[in-house]
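Data first, discussion second: the structure below is written as C-alpha cells.
The values are calculated or read from the model by the stated rules, or taken from the named source; none is laboratory data. It should be emphasised that the depicted structure is a prediction, and the values quoted were computed from it without experimental measurement. With ideal geometry, Cβ positions are generated from the backbone for all residues, glycine too; neighbour counts draw on all protein chains shown. Ligands, DNA and RNA are stripped out before the accessible areas are found, and what is left, the full protein with its side chains, is counted by its heavy atoms. Shrake-Rupley method; radii C 1.70, N 1.55, O 1.52, S 1.80 Å.
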Amino acid sequence: MKKLSFALFVFILSLQISFSQNIIPQPKDYFGFVPGTDRNLFSYDQLVGYLKVVDENSDRLLLMEVGKSPMGKPMYIAFFSAPENLIRLDELKEINKKLAMDANLTEKERAGYIAEGKVFVMATLSMHSTEVAPSQSAPLTAYELCTTSDSEKLKWMKDVVYMMIPSHNPDGMDMVVNYYNSTVNTKYEGASLPGVYHKYVGHDNNRDFVILSQEDTKVIAKIYNTEWYPQVFVEKHQMGSTGPRYFVPPNHDPVAENIDEGIWTWAAIFGSNMSKDMASDGLAGVSSHYAFDDYWPGSTETCIWKNVIGFLTEAASANIASPVYIDPTELNVSGKGLAEYKKSVNMPMPWPGGEWKLGDIVDYELVSTESILKTAYNHKKEILKFRNDLCKKQVELGKTSAPYYYILPLEQHDKSELVRLVNLLKEHGVEVYSLEKEVYYGNIRFSKGDIVVPLSQAYRAFIKEVMEDQEYPVRHYTKGGDIIKPYDIASWSLPLHNGLKSYEIESPIPGLESSINIIEEKYNLNVERAESKYLLFSLDLNESYKIAFLSASLDMKPERITEELSLNGKTYPKGSFILQNKNNEIFNSFLSGNLSVAPVYLDKKPLSEKFEVPTIALVETYFHDMDAGWTRFVFDSYHIPYKILRPSDIQNVALSEYDVIVFPSTDKSQLLEGKRKQGDSYSVSTYDPKYTKGMEKEGLKKLMEYIHTGGNIVAWGQSTGLFEGMHTINIGAKETEEFNLPFMDISETLGKEGLYCPGSLVKMKMDKNSDITAGMPEECGIFYRGAPVFLTRPPYFDMDRKVLGTFPEKEILMSGYIEKEEELSNKAVMIWLKKGEGQMVLMGFNPQFRSSTSVTYKLLFNSLLLQ
C-alpha cells in the first residue's frame, strides 16, 4: 500500500511538472515568432508581459518591480533560481549584505553565511537600445530556466540566483523597436533612430554611474550599491559588425589601479569559461584582452569598485534585426589586443565571414549566459568567501594605509554642491560623517560641521577613486612606444568637478574617530528659519539659479540685486536673487522641497530689478546628439524653459522670438550641411535623409543676421566652429556686409605640435569684471578635450571681443592626462564677442559635461541671462 501511494505521488508530481511546463508558453507561441528571427522585434511591454506570464506559472521565477525609467516605465528584476531559494529571497539578501559589508564577521558566522548563501549573478541587458539582442534573447533564457529538466542546469539553480534586468533602458528599447518596425521592407530598413534612444542621454547612459543623474541609472546602481549586493555582474552589449563576433574578459590595459587584483582574476575566469563553452558550441570569433580597457568608472561596471566581480560582453551587431553580409575581406581589427584579424591567443577561433543575423547574436547570448551561471555554480564557496575577504581587506587598508580620510570643509564657495556630493556618496553606499568638534591636521584646522569620509570602509576603492585627483596610468604597446590611450575620459574627481575644496589625509588624526557622527538621513543645510521680509539667494550657489527659474515659473516674481551686497562680513555678488518671504505653508513647502542651503534672511529689500526669464532655443540635431541631451537634462533639472530647434528649422522660424540660441557641442558640418566632414571628404549618415538636413548657408546667414540685430548666442566645443571664417548678411533690402568675427580656433595647429588632452580637468583663470563670470571664483577647473583654443584679434567696425577665460602659464593639468600642456600656456578658452546689437559667448569646454561638471554651470547660466 505504501509503495502504491509513493507511485501515485510520483505520478501526480509528474503531471504537475508537465502541466506547469505546458502552461508556460514557448516564446514563439507568445510572440508569434522565435526571438532572434530576422526583422522581428518585440517591445518592452511585450517582453515584460511574457515574463509576467512565466512568473505566474513557474516557481523558478520571481518578477519584482524595482523602479521607474526616466519616462515612467516600470523596471524589473527577474529572479531565476530554485523554488526553495526564491521562497527565502529576503534571507539570502541579508546574507549578501553581511558578506559584502560586514568586516567583523567571526569565522563561524562567515562559514555559516557561505554555506547558506547563494551566488547572485546580476545581468543588465541592452542598455544601448540599438544593441537589441540581449533583451531579445531574454524570453528564451527565461523559458529554458523555468522549464528545463536538465539535471546540470537544475543543480546550477540550487546554488545560483540569476538576477536579470530584462531591459536596462526600457524607454530606448521602445523607441528603437518602434522606429525599426516602421522601416521594415522600406528603402531605409534599419536606418538609425533619429535622436537619442533615451529621454536625455542615449549612449551616454553608460557614462552615468558615478554621477547617478538619470532615473534608470539610479535604479540599477541601487541594486548593487545598497539593496541586493550581487557577487557577480555582467552588462550585455554589442559592437561593430566587421571585427570579432564576441568579446569576453579579461579586458585590455590600462586597468584601474585602485581595484583589487582578485577582481581582474575572477573576471578572467568567467571570460575564459565563456570562451571555452562558446567554442565547444561552435561559436567562432570570440575575443578577449581586446579593445576595451577598464580604467575609468562611470559605466555600469562601476560595481567593480564596490567589490563585485563585474565585466561586460560585446557581440558583433547585425543591422538592428536585419541580417548583414560580411565579406571575408571586410573583417578587420585595430587598436588594443589584436593587430591582425588572424588566429591568436586573444581570438583563438576567428569567424570566417558570411551572413550575420540577429539570431546568431541571440545564440551567442544564450550560451554566454549559461556559461556565467555554470561558473558561478562551480565556484560558489570561493566567490562568496572572496566577497567577504575583499570587504575585510578594504576596511583594513583604510585603517593601515594612506589616505585615511577625505575631509571637506563646511565652508565652501558653493555649499549647495557640498550637500549634493554628500548625498551622492550616501546613494553609492558610502558612509559619510560630520565633525562634531574642532580637530587639527598639522597646521590645518577643521571645524565642527566639516564632512569626513573615512576610507576604512568596504567601498574604499570607490571612495579613493572618485575623491582623489586622477593621474592616468601610462602604459605602452612596446617599451618606449606609443601610449595606450584612454578608452573614454581621464578625470572624474568629484571634489574637483564640483568645485569643492577637499583634503586628502595621509596620516591618522588622533581623536578623530570619536569626534565624528554618521550622517544617517538625507543631508541638508536648509535647517535654520528666521522671520524676515525677504530672502536672498547668493549667485555663488548653483542652487540659487534653480530657485530663481522655478519661482519665476510659479509667478513668485523673483528679482535680482543690482549691485554687490555686503552683509555680516560676507559679500553677495551683483545679480543674486531676491524673493519676498511669504512665510505661508505653500511657500515654506516650496523652500523645504527645493532648497538644501538656507537663504539669507533680510528685513530690508536691497536695490533690485525684476528677474527676466529669457526665451531660449536649444539647437539639437537628430544625430544621436548626446551633448544636447545632457543640456536638456540640466535645463530641466534647473527649471530653465527652452524650445528645441533642429538645424533645418533655422531657415524657416522667426529667430527674433528668442533672446538666446544655445548650440551644444556638435560637429560644424552636421549643423551646416547635415553630414560629417573628415578632411576634404564627407561621410553619408545612416539616417533617413529627412532627418539630416542642416541649416545650410542660408540658415547660417539668417543666424548671423539674428546676432547683428540683437540676438545672443551661447556655443561650446565643436559648435563654435560654425562662427569662424567669413560671413555675409543682408542689411536692409539692398545692402550686404561681409565680415569675420574677431577670433579663430588654433587647436589644430597646437595638435600638430603634440597637444593631446583626452577629457581631463584643466585650470582656467577668469576675468571677474564680467556678468558671465559672476558668482565664480577667480579660477576653476574645466572639463577639456584639447579643442578648441581661441585666438582673438583687434576688432573693427561694429564688433568687439573680450577674453573671459585663459589657461594659466603653467601647472595647467588638475586631474587626468595631457601631453605638451605648455602649448596651452596663457591661451584663451572662453571669449565674449559682439556683432552689431548682438552678443556671443563661446567656450572651448563643455560647461555641463555629462551633468558631471557643476563647477562650470554658472558660466552657462550667466551666459543665458546676458543682456
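Based on Cβ point charges of +1 for Lys and Arg and -1 for Asp and Glu, what charge dipole magnitude is obtained for the stretch 469-546 about its Cα centre, in debye rounded to the nearest 20? It would help to have the intermediate numbers written out before the result.
Working: 8 positive and 13 negative charges, 63 e Å.
The calculation lands at about 300 debye.
In Å³ and rounded to a whole number, note down the convex hull volume per residue for the Cα atoms of the stretch 634-787. Don't jump to the answer; show the numbers that get you there.
Numbers: hull volume 27.7 nm³, N = 154.
Spelled out: Cα convex hull of the stretch 634-787, divided by residues, is 180 Å³.
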Rg/Rg_globular for the chain, with Rg_globular taken as 2.2 N^0.38 Å and Rg from C-alpha atoms
1.01
Roughly how many debye, to the nearest 20, is the charge dipole of the stretch 180-252 about its Cα centre, given +1 on each Lys and Arg Cβ, -1 on each Asp and Glu Cβ, and no other charges?
160 debye
In Å, descending, principal axis extents of the Cα set of the stretch 292-347
43, 30, 16
Starting from the Cα-Cα distance between D90 and K52, subtract it from 0.36 nm times their residue separation and give me the gain in nm to one decimal.
11.6 nm
Over 15 Å, how big is the tail of the calculated P(r) for the stretch 757-822, in percent of all Cα pairs?
58 percent
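Send over a whole-number figure in Å² for the accessible area per residue of the stretch 788-867, probe 1.4 Å. Can you show the working numbers first?
Values: 2730 Å² over 80 residues.
On a per-residue basis, 34 Å².
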Which semi-axis lengths, in whole Å and largest first, follow from the square roots of five times the eigenvalues of the Cα gyration tensor of the stretch 280-409?
38, 19, 14
Compactness of the stretch 23-96 - radius of gyration and Dmax, Cα, Å
14.6, 44
Between V474 and E528, the two model label points (7 Å from Cα along the beta-carbon direction) sit apart by a distance in nm of 4.9 nm
The simple spin-label model distance between K381 and S151, using points 7 Å out along Cα→Cβ, in nm, is 2.2 nm
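Per residue, how much accessible surface does the stretch 294-346 expose to a 1.4 Å probe? Answer in Å², no decimals. List each step's numbers first, then the result.
On the way: 1820 Å² over 53 residues.
Solvent-accessible surface per residue comes out at 34 Å².
Can you tell me the convex hull volume per residue for the stretch 451-542, based on C-alpha atoms, in Å³ to the nearest whole number?
Values: hull volume 18.3 nm³, N = 92.
Dividing the Cα hull volume of the stretch 451-542 by its residues yields 198 Å³.
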Once the dipole of the chain is set up from charges on Cβ (+1 Lys and Arg, -1 Asp and Glu), the residue from the list A598, Q231, L579 lying farthest towards its positive end is Q231
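With a 10 Å radius around each residue's Cβ, average the other Cβ atoms per peptide and rank 742-751, 816-825, 522-531, highest first. Mind showing how you got there, number by number?
Values: 742-751: 17.5, 816-825: 19.1, 522-531: 12.7.
In descending order of packing, they fall as 816-825, 742-751, 522-531.
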Straight-line reach from K187: which lysines have a Cα under 26 Å away, not including same-chain ones fewer than 8 places off?
K357, K675, K677, K690, K693
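How big is D for the stretch 162-232, in µm² s⁻¹ as a whole number, if Stokes-Einstein is applied with the Kirkwood radius of its Cα pairs at 37 °C and 0.692 mPa s? Walk me through the numbers before you get to the answer.
Details: Rh = 13.9 Å.
The estimated diffusion coefficient comes to 236 µm²/s.
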Reduced to Cα centres, the span from the stretch 70-135 to the stretch 553-574 in Å works out to 50 Å
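How long is the gain from L607 to S182 if the chain were fully straight, where each residue apart is worth 0.36 nm and the alpha carbon distance is subtracted? If you can, show how the numbers build up before the last one.
On the way: separation 425, 0.36 × 425 = 153.00 nm, distance 5.86 nm.
Using 0.36 nm per residue and subtracting the Cα-Cα distance, I get 147.1 nm.
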With the charge dipole of the chain built from beta-carbon charges (+1 for Lys and Arg, -1 for Asp and Glu) about the Cα centre, the Cα from Y796, S434, Y76 projecting farthest to the positive end belongs to Y76
Pop out the Kirkwood hydrodynamic radius of the stretch 489-567 from its pairwise C-alpha distances, inverse of mean 1/r, in Å to one decimal.
17.4 Å
Log entry: pair-distance distribution for the stretch 81-205, C-alpha pairs binned every 10 Å from zero, whole % per bin is 11, 29, 24, 21, 11, 3, 1
Pairs of lysine in the stretch 556-646 with Cα under 16 Å and at least 8 positions apart or on different chains: total?
7
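Size of the dipole of the stretch 506-579 about the Cα centre, Lys and Arg at +1 and Asp and Glu at -1 on the beta carbon, nothing else charged, in debye to 20?
On the way: 8 positive and 12 negative charges, 79 e Å.
Charge dipole of the stretch 506-579: 380 debye, to the nearest 20.
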Working from the alpha-carbon coordinates of the stretch 228-275, get Rg over Rh, Rh being the Kirkwood radius.
1.00
Please give the calculated 222 nm ellipticity per residue for the chain, where each DSSP H segment of at least 4 residues contributes -39500 (n - 2.57) and the sum is spread over every residue; nearest 500 deg cm²/dmol?
-9500 deg cm²/dmol
Taking the dipole about the Cα centre of the chain, with the C-beta of Lys and Arg at +1 and of Asp and Glu at -1, give me whichever of P403, M843, P194 is farthest to the positive side.
P403
Just need the relative contact order of the chain here, percent rounded to a whole number, with Cα pairs under 8 Å and 6+ apart.
10 percent
Which three numbers, in whole Å and largest first, are the semi-axes of the equivalent ellipsoid of the stretch 121-176 derived from its Cα gyration tensor as √(5λ)?
26, 11, 7
Accessible surface of the chain [probe 1.4 Å, protein heavy atoms]: carbon and sulfur percent:
49 percent
What is the spread of the Cα atoms of the stretch 412-451 along each of their three principal axes, largest first, in whole Å?
32, 23, 16
Past 21 Å, Cα to Cα: identify those pairs from K218/K306; K399/K464; K342/K479; K199/K701; K426/K501, in the order given.
K342/K479; K199/K701
Taking every DSSP beta bridge that has both residues in the chain, what percent is antiparallel when rounded to the nearest 5?
70 percent
So if I restrict to the alpha-carbon atoms in the stretch 576-621, what is the Rg, and what is Dmax, the biggest pairwise distance, in Å?
15.0, 48
Using Cα-Cα distances under 8 Å and only pairs 6 or more residues apart, what relative contact order does the stretch 712-804 have, in percent?
29 percent
Taking 0.36 nm per residue of separation between K485 and A339 and subtracting their Cα-Cα distance, the length gained on full extension comes to 51.0 nm
Expressed in µm² per second, the diffusion coefficient of the stretch 47-151 from the Stokes-Einstein equation, with Rh the Kirkwood radius over alpha carbon pairs, at 25 °C and 0.890 mPa s, is 155 µm²/s
Evaluate E = 1/(1 + (r/R0)^6) for K582 and Q867, where r is the Cβ-Cβ distance and R0 equals 35 Å; express this FRET efficiency to the nearest 0.05.
0.80
The stretch 230-297 and the stretch 485-534 have their Cα centres apart by a whole-number Å value of 35 Å
Under 15 Å from a point placed 7 Å out from the Cα of K802 along the Cα-to-Cβ direction: which residues of the stretch 739-782 have their backbone N that close?
766-776
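Taking Cα pairs under 8 Å and at least six residues apart, what relative contact order does the stretch 648-780 come out at, in percent? Provide the component values of the computation, followed by the final result.
On the way: 147 pairs, mean separation 29.5, N = 133.
It rounds to 22 percent for the stretch 648-780.
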Using just the alpha carbons, could you tell me how many Å³ per residue the convex hull of the stretch 421-479 encloses?
143 Å³
Return the distance in nm (one decimal) between the two label points of a simple spin-label model at E521 and K643, each offset 7 Å from Cα along Cα→Cβ.
4.4 nm
